[in-house]
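The values are calculated or read from the model by the stated rules, or taken from the named source; none is laboratory data. All values derive from a computational prediction rather than experimental measurement. We place every Cβ from the backbone using ideal geometry, glycine too, and count neighbours over all the protein chains shown.
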């Protein structure tokens with residue numbers, strides 16, 4: 001525990017706790033939500049738009065469904081969306097950046113020009129276009145966002161590789177007759193992956209927000225699946241009288257995005273300290 | 001006339017592994033107009049001693065001394081005032097000491113403006129004169145150059161000019177030639193000797209390089225594990241060292257052994273700086289060690305103006 | 001007359017100037033010749049900009065060569081490429097100046113030593129472990145250093161690991177780039193002794209680059225002084241140290257002789 005606090009600081013550890021709590025909520029949603037069937041979408045019209053009370057801690061939405069349960073089930077969608085977007089972007093961007101940076105020459109030029117094309121578009125706009133083209137559905141929106149996000153990781157990976165390529169221990173390996181493939185995997189990849197993973201942690205928050213934005217615009221999940229962005233959109237009509245319908249999912253998005261952001265900062269501070277020592 | 005008098009200087013720095021004794025007990029006595037060498041290898045505390053004189057020890061460090069006086073003033077309290085006015089620092093990497101985005105002229109002016117507020121034209125003339133005094137050619141043109149346009153030797157001369165501009169009469173030079181080529185470094189040292197002679201400066205030359213000591217130092221002090229172990233004339237220390245560590249250090253130099261023969265390396269390592277030392281610090285590695293050396297701190301021995309701390313009486317091998 | 005292990009013939013190394021309209025730069029290595037007989041030590045001395053490091057990097061095939069030739073063990077070294085080059089590299093060991101930069105900070109000593117062995121195709125196992133322990137032993141380190149990391153070692157110990165790694169594949173030529181410049185005098189003495197012992201035990205040829213004339217004078221049979229990419233003076237060490245022909249050589253030697261101490265017997 002104290003090792004964790006030493007590594008992340010008190011703020012970082014708190015955020016990690018928040019994130020882990022949400023992850024647990026998402027995993028055990030059917031057992032933790034007070035009204036699991038409503039969380040999954042079953043309407044309960046009699047209890048339409050009730051304010052927060054003992055029965056419904058966060059009130060009910062326009063179809064009478066318990067907002068708390070919806071938020072808990074929404075965690076499943078949002079967390080998986082955030083993590084999957086970042087994972088896919090890394091899976092595409094890291095190898096591209098590695099190859100471009102290590103081999104240089106025309107491979108570098110070609111890959112970087114492709115990257116530049118994607119970077120030329122405003123990310124959210126491109127994601128909306130792609131999501132609209134692919135059609136509704138959670139996986140489609142995840143793919144759409146990932147396709148707009150990988151160029152940043154490719155650029156970052158390439159920059160790291162360029163630095164690592166010139167390191168004396170990498171040179172020593174090639175002087176010894178170690179094959180390029182081995183050098184790439186043994187020396188370059190671990191060094192380049194580390195800062196990228198830190199950046200990825202920082203990015204889950206914004207990824208989550210982007211996915212929620214797409215749902216808000218109607219391009220993400222299909223009803224009746226609970227999704228925070230969608231819930232905010234649905235509750236807009238009733239704002240500010242029945243504030244809880246939009247506020248609950250909205251504040252949750254904010255909290256989780258903030259938690260990832262602060263955690264990423266804590267990781268980066270630690271990484272920055274390490275980088276300084278290694279230099 | 002003694003300019004700097006230090007006795008029993010200690011610097012303790014807090015760290016996660018416990019307090020680090022960077023300097024355990026150092027004595028220094030430097031006369032006006034002298035170039036005094038502070039000799040030692042890495043970890044001996046020579047740089048930290050210099051920092052203590054400037055009041056630039058790391059945050060949280062505790063500096064204590066029995067005597068800690070510069071020109072009669074107590075350094076514990078007035079180091080901050082003396083720094084940059086009477087005492088100046090010339091450090092190892094001249095490129096790092098100069099601001100890369102400001103011209104030489106601007107950087108000289110910054111120093112002059114702080115220390116001798118005169119009208120701008122006078123300051124400029126003063127800056128050019130100082131740069132010329134350090135042997136820089138075309139000093140006037142140099143005023144508009146940036147540090148990266150100068151070679152390492154020229155950069156170091158600019159740093160020396162800045163030190164002169166402060167009006168300081170005591171220069172602490174921390175390995176000023178280590179980052180420079182041999183021939184360039186020799187020129188910089190010759191410059192320092194000339195400035196000492198012309199302007200009555202005093203220099204503390206912190207170095208690990210015996211060639212530097214041989215080239216410029218009048219007197220020298222040898223440090224080991226944060227302790228001063230030998231003090232005397234530089235020529236005496238280099239030709240007839242008394243302390244076993246000083247002897248071993250000089251014997252380990254590549255030109256101390258005939259071509260192709262093994263060098264006399266010193267076994268072992270310096271004692272860890274987090275643990276206190278009982279007896280003599282060099283005892284675990286000393287070829288002349290006696291049982292006494294491990295438990296009793298060595299007494300000071302004197303021969304004229306040559307001091308060293310050792311249990312073994314002079315005359316022993 | 002045995003063929004020398006390494007010869008360099010009229011070598012020119014020039015770095016491309018940056019920018020489209022830049023004038024061509026002066027060569028870093030300007031028609032340099034050298035010959036290293038097997039089992040001897042050649043010391044290359046020079047200051048910064050002398051070209052000694054570029055010459056070394058050219059021999060190690062780390063920088064492209066503009067013109068000239070290098071033969072290693074009778075083979076045209078510059079004409080070797082691809083898998084042949086990688087195999088041939090096994091006969092050269094390299095020790096760089098700063099061991100903390102040339103040893104991977106992430107790997108254990110065991111992994112660092114295993115790297116050249118695996119590159120040659122050895123299989124990991126007990127035999128490899130024994131071999132690594134032997135390599136460390138020859139360089140004066142105990143086998144319990146194997147699980148440690150470079151940052152836990154002192155400068156001298158780390159450089160010993162670097163030397164052990166350089167000798168892992170039993171090379172005939174050991175190339176050293178300022179191997180003791182980052183070390184204290186007492187540690188430098190240990191490393192120089194180690195190099196002399198290894199040279200005697202394994203019949204190594206040493207190519208030694210440094211700015212410190214005294215170090216190289218102690219160790220090298222032959223000496224080569226470089227300046228601005230050219231060879232200023234070359235020949236047997238003892239002859240040059242006793243009677244240098246060029247004033248530049250004398251300048252490099254003359255520093256620090258004020259008290260006349262440490263004169264060689």
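Summary of computed values
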item: Residue match in segment A:259-274 (condition: closer than 15 Å to residue A:78 by Cβ, outside any loop (DSSP other than H, G, I, E, B) and more than 16 Å from the chain's Cα centre (by Cα)); result: no
item: Qualifying residue in segment A:196-203 (condition: part of a helix (DSSP H, G or I), within 11 Å of chain C (Cβ to nearest Cβ) and surrounded by fewer than 21 Cβ atoms within 10 Å (Cβ to Cβ)); result: no
item: Index of the failed condition, residue C:196 passing every other in (1) surrounded by fewer than 19 Cβ atoms within 10 Å (Cβ to Cβ); (2) away from chain B (no Cβ under 13 Å); (3) free of Cβ contacts under 8 Å to residues at least 60 places away in the same chain; (4) within 23 Å of residue C:60 (Cα to Cα); result: (2)
item: Test for residue B:163: is it in a helix (DSSP H, G or I), under 25 Å from residue B:55 (Cβ atoms) and at pLDDT below 95; result: yes
item: Per-region count, segment C:132-152, residues touching a helix residue (DSSP H, G or I) at 6+ places or on another chain (Cβ under 8 Å), free of Cβ contacts under 8 Å to residues at least 40 places away in the same chain and either buried (at least 16 other Cβ atoms within 10 Å of the Cβ) or closer than 18 Å to residue C:105 by Cβ (or both); result: 9
item: Wholly enclosed strands (runs of 3 or more DSSP E) of segment B:1-97 bearing at least 3 residues over 19 Å from residue B:166 (Cα atoms), modelled with pLDDT of 90 or more and more than 14 Å from chain C (Cβ to nearest Cβ); result: B:2-13, B:20-31, B:62-64, B:67-70
item: Failed condition for residue C:62, given (1) more than 25 Å from residue C:237 (Cα to Cα); (2) touching a residue at least 24 places away in the same chain (Cβ under 8 Å); (3) assigned to a loop (DSSP other than H, G, I, E, B); result: (2)
item: Any hit, segment C:154-161, residues being more than 19 Å from the chain's Cα centre (by Cα) and either surrounded by fewer than 22 Cβ atoms within 10 Å (Cβ to Cβ) or in a helix (DSSP H, G or I) (or both); result: yes
item: Residue satisfying condition, being under 26 Å from residue A:146 (Cβ atoms), surrounded by 16 or more Cβ atoms within 10 Å (Cβ to Cβ) and touching a helix residue (DSSP H, G or I) at 6+ places or on another chain (Cβ under 6 Å), within set A:84, A:8; result: A:84
item: Residue match in segment A:149-166 (condition: within 14 Å of another protein chain (Cβ to nearest Cβ), assigned to a loop (DSSP other than H, G, I, E, B) and at pLDDT below 90); result: yes
item: Counted residues, segment C:205-214 - those being surrounded by fewer than 23 Cβ atoms within 10 Å (Cβ to Cβ) and either at the interface with chain B (Cβ under 9 Å from one of its Cβ atoms) or assigned to a loop (DSSP other than H, G, I, E, B) (or both); result: 3
item: Of all residues in segment B:264-286 being modelled with pLDDT of 90 or more and either surrounded by fewer than 15 Cβ atoms within 10 Å (Cβ to Cβ) or within 12 Å of chain C (Cβ to nearest Cβ) (or both), the one that is farthest from residue C:217 (Cα to Cα); result: B:282
item: Which listed residue, of B:192, B:249, B:223, B:238, is over 27 Å from residue C:216 (Cβ atoms) and part of a helix (DSSP H, G or I); result: B:192
item: Subset tally (residues that are surrounded by fewer than 16 Cβ atoms within 10 Å (Cβ to Cβ), in a helix (DSSP H, G or I) and at the interface with chain A (Cβ under 7 Å from one of its Cβ atoms)) for segment C:84-121; result: 1
item: Number of the exception - residue A:136 against (1) over 30 Å from residue C:166 (Cα atoms); (2) in contact (Cβ under 8 Å) with a residue 24 or more places away in the chain; (3) in a helix (DSSP H, G or I); result: (3)
item: Extreme residue, surrounded by the fewest Cβ atoms within 10 Å (Cβ to Cβ), among residues of segment C:229-256 that are at pLDDT below 80 and at the interface with chain B (Cβ under 7 Å from one of its Cβ atoms); result: C:255
item: Every residue from segment C:63-83 that is within 20 Å of the chain's Cα centre (by Cα), within 22 Å of residue C:165 (Cβ to Cβ) and surrounded by fewer than 17 Cβ atoms within 10 Å (Cβ to Cβ); result: C:73
item: Odd one out for residue B:123, checked against (1) surrounded by fewer than 18 Cβ atoms within 10 Å (Cβ to Cβ); (2) outside any loop (DSSP other than H, G, I, E, B); (3) more than 28 Å from the chain's Cα centre (by Cα); result: (1)
item: Residue that is nearest to the other protein chains (Cβ to nearest Cβ) [pool: residues in segment B:251-262 that are touching a residue at least 12 places away in the same chain (Cβ under 8 Å) and crowded, with 20+ Cβ neighbours inside 10 Å]; result: B:252
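Results for (1) in a loop (DSSP other than H, G, I, E, B); (2) surrounded by 24 or more Cβ atoms within 10 Å (Cβ to Cβ); (3) within 14 Å of chain C (Cβ to nearest Cβ); (4) over 16 Å from the mean Cα position of the chain (by Cα), shown as yes or no for each residue.
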site: B:176; (1), (2), (3), (4): yes, yes, no, no
site: B:184; (1), (2), (3), (4): no, no, yes, yes
site: B:197; (1), (2), (3), (4): no, no, no, yes
site: B:205; (1), (2), (3), (4): no, yes, yes, no
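For every residue, the table says whether it meets (1) touching a residue at least 24 places away in the same chain (Cβ under 8 Å); (2) surrounded by 18 or more Cβ atoms within 10 Å (Cβ to Cβ); (3) farther than 30 Å from residue C:169 by Cα; (4) over 24 Å from the mean Cα position of the chain (by Cα).
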| residue | (1), (2), (3), (4) |
| --- | --- |
| A:172 | no, yes, no, yes |
| A:180 | yes, no, no, yes |
| A:185 | no, no, no, yes |
| A:211 | yes, yes, yes, no |
| A:217 | yes, no, yes, no |
| A:234 | yes, yes, yes, no |
| A:239 | no, no, yes, yes |
| A:246 | no, yes, yes, no |
| A:253 | yes, yes, yes, no |
